[in-house]
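Reading through the structure tokens given below for one structure.
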Amino acid sequence: MAMSPAGNHQAAVAYAHFLLRAGRLDSAEETLAPLVRAHPEAADAQLELGRVLYQLGRVPEAIAHLRIACRLMPGNQQARLLLDRAGRLQDSRTVK
């Protein structure tokens, strides 16, 4: 039985989260990047990609995706907290 596009989307985000938790950050990014390109309005994918990029140390890229996630999900505390943390990290790197 084929999955609906929404089911594929949710499965991809869940799989990427699993990869992130397993420390397979590059694989998580490879799973999420095409999804975000195809569906930029997918807030959960934007948040998860932001989280992955943050863990990879690619803070400016992470911030871009986290800002989109916050715009799409204004009440999401996880997105806001991670965006705040990434912003502070970027600021501290700029000061050095």
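The values are calculated or read from the model by the stated rules, or taken from the named source; none is laboratory data. These numbers were taken from a predicted model, which means no experiment stands behind them. Positions of Cβ are backbone-derived with ideal geometry, glycine not excepted, and every protein chain shown enters the neighbour counts.
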Here is a list: A42, A22, A28, A33. Which entry is at pLDDT 95 or above and under 23 Å from G75 (Cα atoms)? A42
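Looking only at region 22-39, filter to residues that are assigned to a helix (DSSP H, G or I) and of a type in the set (A, V, I, L, M); which one of those is surrounded by the fewest Cβ atoms within 10 Å (Cβ to Cβ)? Quick ask: steps written out before the conclusion?
Start the filter on region 22-39 by keeping residues that are assigned to a helix (DSSP H, G or I), which leaves 25-38.
So of that shortlist, the ones also of a type in the set (A, V, I, L, M) come out as 25, 28, 32-33, 35-36, 38.
Working: L25: 19, A28: 26, L32: 29, A33: 16, L35: 20, V36: 18, A38: 11.
The extreme case among them is A38.
This table checks each residue for (1) more than 23 Å from Y15 (Cβ to Cβ); (2) out of contact with any strand residue (DSSP E or B) (no Cβ under 8 Å at 6 or more places or on another chain); (3) surrounded by 14 or more Cβ atoms within 10 Å (Cβ to Cβ).
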| residue | (1), (2), (3) |
| --- | --- |
| E41 | no, yes, no |
| Q46 | no, yes, yes |
| V52 | no, yes, yes |
| V59 | yes, yes, yes |
| I63 | yes, yes, yes |
| R67 | yes, yes, yes |
| A79 | no, yes, yes |
Per the filter on region 42-67, residues closer than 14 Å to L32 by Cα, among the hydrophobic types (A, V, I, L, M, F, W, C) and touching a Gly at 6+ places or on another chain (Cβ under 8 Å) are A62, L66
Taking P74 as the residue in question, decide whether it is free of Cβ contacts under 8 Å to residues at least 12 places away in the same chain and not in a helix (DSSP H, G or I). yes
Just one of L82, L66, L56, L89 is over 13 Å from the mean Cα position of the chain (by Cα) and closer than 26 Å to A22 by Cβ; which is it? L89
